[in-house]
Protein chains: 4
Amino acid sequence: MLVHERAVRFEEIDAAGIVFFPRFLNYCHDAMEALFAPLDGGYVRLVTERHIGLPTVHVEADYRSPLRYGDVARIEVTIPHVGSRSFTLHYRFARAADGLPVAEVKHIVATTDLTAMRAVPIPNDVRAVLERHRAPPS
Amino acid sequence: MLVHERAVRFEEIDAAGIVFFPRFLNYCHDAMEALFAPLDGGYVRLVTERHIGLPTVHVEADYRSPLRYGDVARIEVTIPHVGSRSFTLHYRFARAADGLPVAEVKHIVATTDLTAMRAVPIPNDVRAVLERHRAPPS
Amino acid sequence: MLVHERAVRFEEIDAAGIVFFPRFLNYCHDAMEALFAPLDGGYVRLVTERHIGLPTVHVEADYRSPLRYGDVARIEVTIPHVGSRSFTLHYRFARAADGLPVAEVKHIVATTDLTAMRAVPIPNDVRAVLERHRAPPS
Amino acid sequence: MLVHERAVRFEEIDAAGIVFFPRFLNYCHDAMEALFAPLDGGYVRLVTERHIGLPTVHVEADYRSPLRYGDVARIEVTIPHVGSRSFTLHYRFARAADGLPVAEVKHIVATTDLTAMRAVPIPNDVRAVLERHRAPPS
């Protein structure tokens, strides 16, 4: 399990005064990048030099409590499933200050050759990172 | 069914060269606002004067094909379910130029008193708009 | 002079309840894209096929009055100066409902080969569009 | 002088493959928030509890070199001028890896009562923070 913390940013608030719901998926992407930091060159090199990306094929999110400016999101990431060309990430969001449950997201991505835009087998170093965090949803 | 078209914007592209996946939910919110344009004062007045918002409680998205800069998304919105304090929207995304299926999103929102942050019964005028688009997913 | 209108979007509000100040430059970019719509294939083709972009080299903005959710920005675009490899755009923002002055932006961009990231002479069709809107700041 | 480092985020790239120019101002806002971290409750409490905000009245930016995904921006913040109800921030951007000059931004903000949307004298604790970083542009 990776734990990723991120403060709500000033501009992530919507006209209803809470974090705009799509931005939770931005937070997931941040957490996913943090997960792949151990790769040589990190997620950046995977995308920009190896031209392998992780386009989303499916996402499911349950929102329990809003986040506001001033909150810090605490995100626990686990990998409940690894296939041959795709894998599943699970993110559990809580408010860092008091542990209030905020949201849960299930996220399936496909390892994809960004030039051909075609799914490819999960590279070995990516798989190794995934195995390290392999666990049912926290 | 409401049909909402929206061009991909220059800044909606990510480092992999495609529309960043969370932004599909921004597009959904745009389409939802368009759906509620017939309300007196539209979605804006609902939020800013009546202090009723539509926070998301659940979202499920399937991504089939990426969108790129230059594409126009054609989004068909239907309302498959209306409850007492929440309702479901369904969005079918296609690429406007050729009808290529792009994504499908199921989106459940709760009519919420934004001051108390508590679910409230769906107001009558909101319900009337929903009934007009009531249909199974297109 | 081109006139471009754009409603404030739900997610463009910041934690202070007004349009986040950097987003005024997003509005400028939208207006600039609208200005270049008469090009064959528009701004999209300029960037994606001809690989010519318009990176900003200088921007100056004066903010007079905030925009809020529910406002529509009315943006008047003129071209006060055209050089050999760069040109200046001027944007005057007003609130569409009542004409309240909102902001003024001066924006200098360089016609740039995006592959080499090097300034290139302004293409003839781009120059023709600019000449059509050539005028001192409105 | 405050030094603030921030990695370019995956979704900050535009269709031309570089950081979208308005986002440099987002980076400035981040750096400004970091500057005010020493306030009791930080910038968050200033805005959300004391209802004092720092709307921008003027901004000037010079862009010298683009930022790309994978770059880290190193931002040096100084305060060249403090008035009675407004002050000036100066941000010097470089690419952290090699010090390449990237941009310079001059940013004038007014201490503002967010309820009345009226400029107010700079609070003493805010002024104390500003004095600590008082210096001509770095």
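The values are calculated or read from the model by the stated rules, or taken from the named source; none is laboratory data. These numbers come from a predicted model, not from an experiment. Note that we place each Cβ from the backbone using ideal geometry, even for glycine, and neighbour counts take in every protein chain shown.
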### Message
Being farther than 26 Å from B:Asn26 by Cα, surrounded by 18 or more Cβ atoms within 10 Å (Cβ to Cβ) and touching a Leu at 6+ places or on another chain (Cβ under 8 Å) is the requirement here; does A:Phe36 meet it?
### Response
yes
#### Entry: Residue selected from the range A:1-21 under the condition at the interface with chain B (Cβ under 9 Å from one of its Cβ atoms) and in contact with a Phe, Trp or Tyr (Cβ under 7 Å, 6 or more places away or on another chain), by the criterion surrounded by the most Cβ atoms within 10 Å (Cβ to Cβ)
A:Phe21
### Query
So which pairs qualify, if the first residue must be in the range A:94-122 and at pLDDT 95 or above and acidic (Asp, Glu), the second must be surrounded by 12 or more Cβ atoms within 10 Å (Cβ to Cβ) and assigned to a loop (DSSP other than H, G, I, E, B), the Cβ gap must be under 9 Å, and the two must be at least 6 apart or on different chains?
A:Glu104/A:Arg64; A:Glu104/A:Pro137; A:Asp113/A:His51; A:Asp113/A:Val120
### Checklist (1) under 13 Å from the mean Cα position of the chain (by Cα); (2) more than 13 Å from every other protein chain (Cβ to nearest Cβ) applied to B:Gly83, failing item
(1)
## Note on the structure
Of the residues in the range D:34-54, those that are under 22 Å from C:Arg23 (Cβ atoms), of a type outside the set (Gly, Ala, Ser) and within 12 Å of chain A (Cβ to nearest Cβ) number 7
### Message
Going through D:Phe10, D:Phe24 one at a time, which residue ends up being out of contact with any helix residue (DSSP H, G or I) (no Cβ under 7 Å at 6 or more places or on another chain) and aromatic (Phe, Trp, Tyr)?
### Response
D:Phe24
### Message
I'd like to know if the range C:22-31 contains one or more residues that are among the basic types (Lys, Arg) and within 12 Å of chain D (Cβ to nearest Cβ).
### Response
yes
### Task
Within the range C:86-114, track down each residue that is surrounded by fewer than 14 Cβ atoms within 10 Å (Cβ to Cβ) and under 15 Å from C:Leu54 (Cβ atoms).
C:Asp113
### Task
Provide a single number: the residues in the range C:9-66 that are part of a loop (DSSP other than H, G, I, E, B), closer than 19 Å to C:Arg127 by Cα and under 14 Å from the mean Cα position of the chain (by Cα).
4
### Query
(1) touching a residue at least 24 places away in the same chain (Cβ under 8 Å); (2) more than 9 Å from chain C (Cβ to nearest Cβ); (3) polar (S, T, N, Q): which one isn't true of D:Thr88, the others all being true?
(1)
#### Entry: Pick from the range D:67-80, criterion without any contact (Cβ under 8 Å) to a residue 60 or more places away in the chain and assigned to a strand (DSSP E or B), ranking: farthest from the chain's Cα centre (by Cα)
D:Pro80
### Query
In the range B:80-138, how many residues are within 24 Å of B:Arg68 (Cα to Cα) and basic (Lys, Arg)?
3
### Task
Test C:Arg64 against the criterion of being under 26 Å from D:Leu54 (Cα atoms) and either in contact with a Leu (Cβ under 9 Å, 6 or more places away or on another chain) or at pLDDT 95 or above (or both), and give yes or no.
yes
### Message
For the structure I just gave you, tell me whether A:Ala61 is surrounded by fewer than 18 Cβ atoms within 10 Å (Cβ to Cβ) and of a type in the set (A, V, I, L, M).
### Response
no
### Query
Looking at B:Ile13, B:Ile52, B:Ile18, which is the one that is among the β-branched types (Val, Ile, Thr) and under 25 Å from A:Arg64 (Cα atoms)?
B:Ile52
### Query
How many residues are within 8 Å of another protein chain (Cβ to nearest Cβ) and among the hydroxyl-bearing types (Ser, Thr, Tyr) when one looks only at the range C:55-80?
3
### Summary
From the option list C:Val57, C:Val77, single residue qualifying as closer than 28 Å to B:Asn26 by Cα and not small (Gly, Ala, Ser) is C:Val77
